[in-house]
Amino acid sequence: MTERLLVRALKGGKDTKIVTLNGKEITKMPSALSKLPGLKTLDLQNNQIRKVCPEISTLTQFQNLKLREFYCEGNPLFLKKPVNAIQQEDAWSLQEITSRFIMNELEGKSPFIMQAIQRHPQVRNIISQRRKCAICGKYFLTIWLECVEFVPPPKNWKISRNLKLVPLRILICSYKCFNKRGPNLFGIAQV
């Protein structure tokens, strides 16, 4: 239902200025928001939002929305109500181990690895899917842990007085890095 509402907003063109999804029972921030560069007011109050969409998961992407007003009260994610997850052992596939090694060697500009990558386009395709850990800065292939970090909203936004932080999607490579996280970073568990 939410995507249908946004499709209607998108039909208004990229000039759509206001999207109100108050009380629509949505569970994640809609990805179609990233296709509305003219959006000025976003009202997501009183939903069940527990996830940030990947298309607007970084502070830069969130700021690129150029919002003037943002309302999100009454959502579990914004209330910072985390769900406890059970820590699993870090058991990586051979592809993940190899990919992490190659990606980190490429970061160090290893001439041997640089030449090998040029001769193997399938490897290049695989490592082009890489992600960077928000904690240690090393590259990884599979999303190991998806988290939410709460950061202050841009100063030019008009927001409710009680909204001090907004959530951003963060990817972390391992539980080792997860255990080094700051106080405003929460893991996302499947419930």
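The values are calculated or read from the model by the stated rules, or taken from the named source; none is laboratory data. Worth saying up front: this structure is predicted, and the values here are computed from it rather than measured. Reconstructed Cβ throughout: ideal geometry from the backbone, glycine too, with neighbour counts over all protein chains shown. Surface accessibility is based on the protein's heavy atoms, side chains included, excluding ligands, DNA and RNA. Shrake-Rupley method; radii C 1.70, N 1.55, O 1.52, S 1.80 Å.
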*Kindly provide the set of residues from the range 155-191 that are in a strand (DSSP E or B) and closer than 22 Å to MET103 by Cβ, ordered by number.*
ARG169, ILE170, LEU171, ILE172
_Looking for something modelled with pLDDT of 80 or more and over 23 Å from THR27 (Cβ atoms) - is there at least one such residue anywhere in the range 157-170?_
no
*Taking TRP157 and the conditions (1) open to solvent by 70 Å² or more (accessible area, probe 1.4 Å); (2) touching a Lys or Arg at 6+ places or on another chain (Cβ under 7 Å), which numbered condition does it fall short on, given that it satisfies the others?*
(1)
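Residues to consider are LEU39, LEU65, LEU79; find the one that is modelled with pLDDT of 80 or more, within 21 Å of the chain's Cα centre (by Cα) and assigned to a loop (DSSP other than H, G, I, E, B). Full working, then the answer.
Numbers: LEU65 fails: modelled with pLDDT of 80 or more; LEU79 fails: modelled with pLDDT of 80 or more.
None of the other options fit; the residue is LEU39.
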*Restricting attention to the range 105-153, which residues are modelled with pLDDT of 80 or more and polar (S, T, N, Q)?*
SER110, GLN115, GLN118, GLN122, ASN125, SER128, GLN129
*How many residues does the range 125-154 contain that are over 20 Å from MET114 (Cα atoms), outside any loop (DSSP other than H, G, I, E, B) and open to solvent by 30 Å² or more (accessible area, probe 1.4 Å)?*
2
